[in-house]
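*Asks:* Structure below; questions to follow.
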Amino acid sequence: MDQRLASSPAPAAGPGVDSSDEVVEAAAELFRLLATPMRLKIIAALSAHEKNVSQLLAEIDTTQPNMSQHLAALYRAGVLAKRRDATQIYYRIASERAATLCRAVCAQIATELAEGERIAPAERLVPLAAAKG
């Protein structure tokens with residue numbers, strides 16, 4: 001995945017959304033990148049401020065090699081940026097669009113689950129008014 005995906009302008013929502021092969025392929029690539037719970041947890045953990053690997057490991061239950069692998073993938077894709085301070089490497093969100101997408105999807109699912117209903121996968125992310133209608 002190249003850095004253009006993480007920083008390219010978002011198309012307008014609605015019926016006029018660009019569904020060209022290039023756009024659809026880029027969207028699928030972003031969804032593949034974000035399709036692991038570990039990467040979503042990393043993005044959520046970095047949403048407020050940058051953190052080093054030790055701080056991330058204190059928040060997220062995984063091994064250091066696994067964490068490093070996911071951080072590297074997110075960095076290569078342009079979702080994260082990093083800086084070195086002596087022996088520590090600090091990671092931060094580089095693509096606010098990717099972080100916003102993750103927050104929006106997770107917030108919607110959390111809202112649906114908080115209502116005490118088990119939402120069928122086919123009905124997830126349906127506008128709440130339409131789902132109840």
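The values are calculated or read from the model by the stated rules, or taken from the named source; none is laboratory data. These numbers come from a predicted model, not from an experiment. Here Cβ is always computed from backbone atoms with ideal geometry, including for glycine, and neighbour counts include all displayed protein chains.
*Asks:* Name the residues in segment 21-52 that are within 15 Å of the chain's Cα centre (by Cα) and in a loop (DSSP other than H, G, I, E, B), would you?
*Replies:* Leu34, Ala35, Thr36, Leu46, Ser47, Ala48
*Asks:* Here's another thing I want to ask about it. How many residues are closer than 21 Å to Phe31 by Cβ and either buried (at least 18 other Cβ atoms within 10 Å of the Cβ) or charged (D, E, K, R) (or both) when one looks only at segment 42-77?
*Replies:* 8
*Asks:* Scan segment 94-102 and tell me whether some residue there is surrounded by 13 or more Cβ atoms within 10 Å (Cβ to Cβ), modelled with pLDDT of 95 or more and within 18 Å of Ser47 (Cα to Cα).
*Replies:* yes
*Asks:* For segment 53-77, enumerate the residues that are within 19 Å of Arg32 (Cβ to Cβ) and part of a loop (DSSP other than H, G, I, E, B).
*Replies:* Within segment 53-77, just Ala77 meets the criteria.
*Asks:* Within segment 7-26, identify whether any single residue is of a type in the set (Ser, Thr, Tyr), farther than 23 Å from Asn66 by Cβ and at pLDDT below 70, and answer yes or no.
*Replies:* Within segment 7-26, one or more residues are of a type in the set (Ser, Thr, Tyr), farther than 23 Å from Asn66 by Cβ and at pLDDT below 70.
*Asks:* Within segment 78-89, is there a residue that is of a type in the set (Gly, Ala, Ser) and either assigned to a strand (DSSP E or B) or surrounded by 12 or more Cβ atoms within 10 Å (Cβ to Cβ) (or both)?
*Replies:* Among the residues of segment 78-89, at least one is of a type in the set (Gly, Ala, Ser) and either assigned to a strand (DSSP E or B) or surrounded by 12 or more Cβ atoms within 10 Å (Cβ to Cβ) (or both), which makes the answer yes.
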